[in-house]
Amino acid sequence: MEAVEIHRIHVKNCVVDWLNARDLVERWQISKPEIGRHWSLEGCYNVVTDIFSGATGAPGAHRKFSGKGMFVYDLIFSIDEEKVLNVFTEVVEKENGMDEYVVHFKVVPKL
């Protein structure tokens, strides 16, 4: 994560379990990436649900009501005094009319 120079990475057809999601959040916190760093993991509904549920169980998770997406809340994780990691879900309709589920990990300024 920290060694990659690209700010936006989108992974399609990912296969990750909920334990990997907790590990991913912890690595984001330890690496302290700059504001704007954004990873998106796209997969089937079950994969995205597992990832988001795993992130919910990661240490330091705070829920913030969003009223959108598969879940009506975002997860916020502190990185340092200036920034947080925002984890949220999105449903995207593809050209074929099918819904695709995406979970986002984005570093944003602390409000």
Residue by residue, what Karplus-based ³J(HN,Hα) values in Hz, rounded to whole numbers, does region 84-101 have, using 6.51, -1.76 and 1.60 with θ = phi - 60° and x for Gly and Pro? 9, 9, 9, 10, 8, 10, 8, 10, 10, 7, 7, 4, 7, x, 7, 7, 10, 9
If you put +1 on each Lys and Arg Cβ and -1 on each Asp and Glu Cβ, how big is the dipole of region 8-109 around its Cα centre, in Debye rounded to 20? 200
Could you identify which residue out of I76, I51, I35 has the top mean-square fluctuation in a GNM of the chain using Cα springs shorter than 10 Å? I35
Here the gain from full extension of E82 to E34, 0.36 nm per residue of separation minus their alpha-carbon distance, amounts to 16.3 nm
Principal-axis tilt of helix 18-31 within the chain, Cα atoms, nearest 10 degrees: 30
Roll a 1.4 Å probe over the protein chains and send me the accessible area per residue for region 63-107 in Å². 56
(i) 13, 37, 30, 14, 5, 1; (ii) 15, 49, 31, 5, 0; (iii) 13, 25, 20, 19, 15, 7, 1: which one is P(r) over Cα pairs in 10 Å bins from 0, in percent as calculated from this entry? (ii)
Which of E81, E34, E90 fluctuates most in a GNM of the chain (C-alpha springs under 10 Å)? That residue is E81
Helix 45-56 vs. the chain, principal-axis angle (Cα, 0 to 90°, nearest 10): 20
Can you pull the percent of the chain's accessible area that's carbon plus sulfur, 1.4 Å probe, other chains left in place? 54
Can you tell me which lysines have their Cα less than 20 Å from the Cα of K68? Leave out same-chain residues fewer than eight positions away. K94, K106
Picking from P33, N96, S78, whose Cα lies most toward the positive end of the charge dipole for the chain (charges on Cβ: Lys, Arg +1; Asp, Glu -1)? S78
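The values are calculated or read from the model by the stated rules, or taken from the named source; none is laboratory data. Bear in mind the structure is a predicted one, so any value in this text is a computation, not a measurement. Neighbour counts run over all protein chains shown; Cβ positions are idealised from the backbone, glycine included. Side chains included, ligands, DNA and RNA excluded: accessible areas come from the protein's heavy atoms. Shrake-Rupley method; radii C 1.70, N 1.55, O 1.52, S 1.80 Å.
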